[in-house]
Amino acid sequence: THQWRGIIEEYRDRLPVTDDTPVVTLREGGTPLVPAQVLSERTGCEVHLKVEGANPTGSFKDRGMTMAISRAKEEGAKAVICASTGNTSASAAAYAVRAGMVCAVLVPQGKIALGKMGQALVHGARILQVDGNFDDCLTLARELSDNYPVALVNSVNPVRIEGQKTAAFEIVDMLGDAPDIHVLPVGNAGNITAYWKGYKEYAADGVATRTPRMWGYQASGSAPIVRGEVVKDPTTVATAIRIGNPASWTHALAARDESGGAIDEVTDREILRAYRLLAAQEGVFVEPASAASVAGLLKAAEQGRVDPGQRIVCTVTGNGLKDPDWAVAGAPQPVTVPDCATAAADRLSLA
Ligand code: F0G
């Protein structure tokens, strides 16, 4: 009886639903806010991780998807479509199953992590691999939803943003007020848009006394907002944010400017370093794109741009199991031992 009910029931009065909206949910949200001891020591701040990989399909996308699929069902849609670097497609596929809908996904060929592809497949999605990047997939998905009876569930659908803003509510509900700084990875820029909306709404209603500065980080090879121009051939190991022309670009700039924040870049090397630190020193296994937020915080701290004593929340957006190749690569290989206690103890230097 005390189970978390999912973001629509928990925040119903703040979301665009009515009593007639069929709630399609996997009880998403209610994710852990984990104190980050090593990051706090390194920055002299109180750092927390919002662990969005704990959502039902392993990423923050579920918050937006429960809204998008519920509203699509209310409007009578029989099929949904999305473009994706992997997580949106995994989430759409799962929620479409719950709603009894057909789900079609467009993904960049060869550029989505195996775990995400497996999710879309096992949930029965119709997967089209496109010879192009995410931006090409999104253009195609928009064209299909404009011309055929299929509902678009990318974050250009405003109800996706509404669902995703609930993560900001949860943070304020947990901490008692907004943090000083909120850090997150930026790809298509829907999530930074959503958090900023959530923080603004809570401040406007007096639930929070203030809003945080929003710090967004793009991967250096896919950093159109930092460069101020579209990146035609985006690259990065963080395939989830391999995006050259973000749909919510202007909203991201507004979040940055209204909050007194910043959007900067981190290299793949910095991303992978933060990825390993999170796993090996905080015990939190995320996918590479998620580590961009932490990489950005560490970069800013090393440059002396983080005043000590602040309360900082980093969103880590997706579960490490989605893309385990990076965990295995470069790690010490497992050792093979005979089935013998003394030999095992010897290899572990226990004697
Ligand atoms: N982190 C992860 C794990 C993601 O999957 C994404 C986006 C982002 C960060 C960036 O969030 O786009 O709102 O700025 N993934 C999308 C997808 C593009 O298709 O799954 P954003």
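The values are calculated or read from the model by the stated rules, or taken from the named source; none is laboratory data. Keep in mind it's a predicted model, so treat the numbers as computed, not measured. A quick note on method: Cβ atoms are made from the backbone with ideal geometry, for glycine too, and the neighbour counts reach across all protein chains shown. Keep in mind that these areas ignore ligands, DNA and RNA; they rest on the heavy atoms of the full protein, side chains included. Shrake-Rupley method; radii C 1.70, N 1.55, O 1.52, S 1.80 Å.
Considering segment 219-234, the residues that are open to solvent by less than 20 Å² (accessible area, probe 1.4 Å) and in contact (Cβ under 8 Å) with a residue 60 or more places away in the chain include one that is nearest to Asp136 (Cα to Cα), namely Pro234. Every residue in segment 309-342 that is in a helix (DSSP H, G or I) and either within 16 Å of the ligand (Cβ to nearest atom) or of a type in the set (Lys, Arg) (or both), please. Those that are in a helix (DSSP H, G or I) and either within 16 Å of the ligand (Cβ to nearest atom) or of a type in the set (Lys, Arg) (or both): Gly320, Leu321, Lys322, Asp325, Trp326, Ala327.
Does segment 240-251 include one or more residues that are of a type in the set (Phe, Trp, Tyr), open to solvent by 20 Å² or more (accessible area, probe 1.4 Å) and over 18 Å from Ile271 (Cα atoms)?
There is at least one residue in segment 240-251 that is of a type in the set (Phe, Trp, Tyr), open to solvent by 20 Å² or more (accessible area, probe 1.4 Å) and over 18 Å from Ile271 (Cα atoms).
Filter segment 190-208 down to residues that are buried (at least 21 other Cβ atoms within 10 Å of the Cβ) and away from the ligand (no atom under 14 Å from the Cβ) and give me whichever is nearest to the chain's Cα centre (by Cα). Out of the qualifying residues, it is Tyr199.
Ser155 fulfils the conditions (1) over 19 Å from the mean Cα position of the chain (by Cα); (2) at pLDDT below 95 except for a single criterion, (1). Of all residues in segment 92-112, those satisfying the criterion of being in contact with a helix residue (DSSP H, G or I) (Cβ under 6 Å, 6 or more places away or on another chain) and within 18 Å of Arg5 (Cβ to Cβ) are Tyr95, Ala99. Counting only residues that are open to solvent by 40 Å² or more (accessible area, probe 1.4 Å) and either in a loop (DSSP other than H, G, I, E, B) or modelled with pLDDT under 95 (or both), segment 283-308 holds 7 of them.
Give Gly216, Gly187, Gly124, Gly176 a once-over and let me know the one that is small (Gly, Ala, Ser), free of Cβ contacts under 8 Å to residues at least 12 places away in the same chain and either surrounded by fewer than 19 Cβ atoms within 10 Å (Cβ to Cβ) or within 11 Å of the ligand (Cβ to nearest atom) (or both).
On the way: Gly216 fails: free of Cβ contacts under 8 Å to residues at least 12 places away in the same chain; Gly187 fails: free of Cβ contacts under 8 Å to residues at least 12 places away in the same chain; Gly124 fails: free of Cβ contacts under 8 Å to residues at least 12 places away in the same chain.
Answer to the check: Gly176.
Quick check on this structure: which one of Ala280, Ala345, Ala255 is touching a residue at least 40 places away in the same chain (Cβ under 8 Å), in a helix (DSSP H, G or I) and of a type in the set (Gly, Ala, Ser)?
Details: Ala280 fails: touching a residue at least 40 places away in the same chain (Cβ under 8 Å); Ala345 fails: touching a residue at least 40 places away in the same chain (Cβ under 8 Å).
Exactly one residue qualifies, and that residue is Ala255.
The residue of segment 59-86 that is nearest to the ligand (Cβ to nearest atom), among those that are open to solvent by 10 Å² or more (accessible area, probe 1.4 Å) and within 12 Å of the chain's Cα centre (by Cα), is Thr85.
The set of residues from segment 153-173 being within 14 Å of Ala77 (Cβ to Cβ) and open to solvent by 30 Å² or more (accessible area, probe 1.4 Å) comprises just one member, Asn157.
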